[in-house]
1. If you take the residues in the stretch 45-60 that are of a type in the set (D, E, K, R) and assigned to a strand (DSSP E or B), which one is nearest to residue 199 (Cα to Cα)?
2. What's the number of the condition residue 268 fails, among (1) open to solvent by less than 40 Å² (accessible area, probe 1.4 Å); (2) farther than 21 Å from residue 47 by Cβ?
3. What single numbered condition from (1) open to solvent by 50 Å² or more (accessible area, probe 1.4 Å); (2) touching a strand residue (DSSP E or B) at 6+ places or on another chain (Cβ under 9 Å); (3) assigned to a helix (DSSP H, G or I) fails to hold for residue 95?
4. Regarding the stretch 114-134, can at least one residue be identified that is in a helix (DSSP H, G or I), open to solvent by 60 Å² or more (accessible area, probe 1.4 Å), more than 30 Å from residue 70 (Cα to Cα) and among the hydroxyl-bearing types (Ser, Thr, Tyr)?
5. It is to be established whether one or more residues within the stretch 231-241 are without any contact (Cβ under 8 Å) to a residue 60 or more places away in the chain, assigned to a loop (DSSP other than H, G, I, E, B) and β-branched (Val, Ile, Thr).
6. Among the residues of the stretch 282-303, count how many are in contact with a Ser or Thr (Cβ under 9 Å, 6 or more places away or on another chain) and either within 15 Å of residue 346 (Cβ to Cβ) or at pLDDT 90 or above (or both).
7. Any residue at all in the stretch 256-264 that's in a loop (DSSP other than H, G, I, E, B) and either under 28 Å from residue 358 (Cα atoms) or open to solvent by less than 50 Å² (accessible area, probe 1.4 Å) (or both)?
Amino acid sequence: MKSRLALTPIAAGVLALLAGCSHEPPPAAALRPVRTIELRYEAAHDTSRYVGTVQARHEAEQSFRVAGKVAERRVEVGQVVHEGDVIAVLDDVDYRLAEEAALEQLAAANARARQARSDQERLNGLKADGSVSASDEEHAASALLTANAAAEAEARKLGLARNQLKYTVLRASQNGVVTRVKFESGQVVAAGQPVVAIADPSEPEIVVDVPEGQVEQFKGATLRASLANAPEDVFEVRLRELSPEAAAQTRTYRARVKPTATRLLPLGATATLLVELPAPSGESVAAVPVAALTMTGGRPALWSVRAEGAESSGVVELVPVEIHGYRNDDVLVSGPPAGDMIVTAGVQKMAPGLRVALPGEQLSRAER
């Protein structure tokens with residue numbers, strides 16, 4: 001006796017649906033996108049880095065030429081000033097009194113000089129009849145010379161008093177920017193005491209300290225620099241001054257370098273100085289990110305991308321390399337031909353023969 005299975009209408013519909021779907025191909029797996037760089041070779045260099053600061057070549061500390069109490073301060077740090085601008089003013093009451101006293105002393109000295117001149121003229125009139133002795137004549141001439149000299153001396157004192165009155169106003173000696181202020185209104189300052197510093201920003205320099213064991217190499221090196229706020233903007237600089245004497249505390253030599261081309265730099269900014277010397281071997285190396293480096297068979301290697309077909313894709317393969325050194329976040333290698341596209345991110349997820357997605361620009365490079 002044969003038994004039969006009866007299919008319900010719902011079950012039959014499900015079977016028909018499954019049968020229809022079984023003929024569709026499975027969806028293609030999405031290609032893994034990668035980030036690559038083009039391998040470029042250059043002559044190997046021994047590169048050293050020094051951290052320094054941007055300073056003005058010309059910076060003047062200004063001070064009053066007379067002592068006194070500060071009555072007014074007209075500048076702040078960072079303020080731009082021009083030659084002749086008023087920086088500060090001292091209380092000038094005492095100096096005005098000194099000027100008035102010197103003026104009175106000059107008037108008195110001039111009166112004595114006029115009296116001595118009149119006395120000599122009278123003696124000259126009496127000299128004809130013999131009523132004036134030679135001694136009296138000599139005394140009169142001497143008194144006139146003394147009076148004239150005293151009047152001239154008092155005139156000089158008046159000039160000094162007026163100069164001291166003028167010195168109670170401190171003016172900028174050059175164009176520039178105020179970098180330091182060391183006084184406040186109401187403070188009593190001494191003559192010659194530095195109260196403000198003015199730097200000329202038109203000639204900036206980068207100041208670094210060079211260890212004594214690297215001074216000779218530093219003199220003949222190729223110098224480049226960049227600022228901390230723009231590390232990608234590297235510019236050429238040249239050595240302007242190297243101190244002939246090492247600092248007592250650090251045993252380093254102070255070096256001042258300036259941009260080769262005219263360039264304004266923010267004063268006080270942190271700068272990195274790149275000192276490059278040709279490597280003794282003279283080999284050519286390529287710089288790639290350290291993250292791109294991997295290992296194969298105990299040897300360093302890189303993942304290289306080879307484009308296939310017209311699609312924006314390529315196949316990766318391991319390429320052994322030789323390491324020549326490190327430079328910040330880069331490793332210096334040689335081995336693969338120039339122009340190869342090297343995977344720089346996600347190397348842990350790569351496998352030989354893996355097809356990856358390339359952006360259009362990277363694909364055009366990999367096909368060349």
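1. The selected residue is 59.
2. (1)
3. (1)
4. no
5. Looking for residues that are without any contact (Cβ under 8 Å) to a residue 60 or more places away in the chain, assigned to a loop (DSSP other than H, G, I, E, B) and β-branched (Val, Ile, Thr), one finds none in the stretch 231-241, hence no.
6. Total meeting the criteria: 8.
7. The answer is no, given that none of the residues of the stretch 256-264 is in a loop (DSSP other than H, G, I, E, B) and either under 28 Å from residue 358 (Cα atoms) or open to solvent by less than 50 Å² (accessible area, probe 1.4 Å) (or both).
Okay, residues lined up against (1) farther than 30 Å from residue 75 by Cα; (2) over 48 Å from the mean Cα position of the chain (by Cα); (3) outside any helix (DSSP H, G or I); (4) among the hydroxyl-bearing types (Ser, Thr, Tyr):
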position: 102; (1), (2), (3), (4): yes, yes, no, no
position: 136; (1), (2), (3), (4): yes, yes, no, no
position: 152; (1), (2), (3), (4): yes, yes, no, no
position: 165; (1), (2), (3), (4): no, no, no, no
position: 186; (1), (2), (3), (4): no, no, yes, no
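The values are calculated or read from the model by the stated rules, or taken from the named source; none is laboratory data. Treat the numbers as computed from the prediction; the structure is a model and nothing was measured. In this analysis, Cβ positions are derived from the backbone assuming ideal geometry, glycine residues included, and neighbour counts consider all displayed protein chains. Heavy atoms of the whole protein, side chains included, go into the accessibility calculation; ligands, DNA and RNA do not. Shrake-Rupley method; radii C 1.70, N 1.55, O 1.52, S 1.80 Å.
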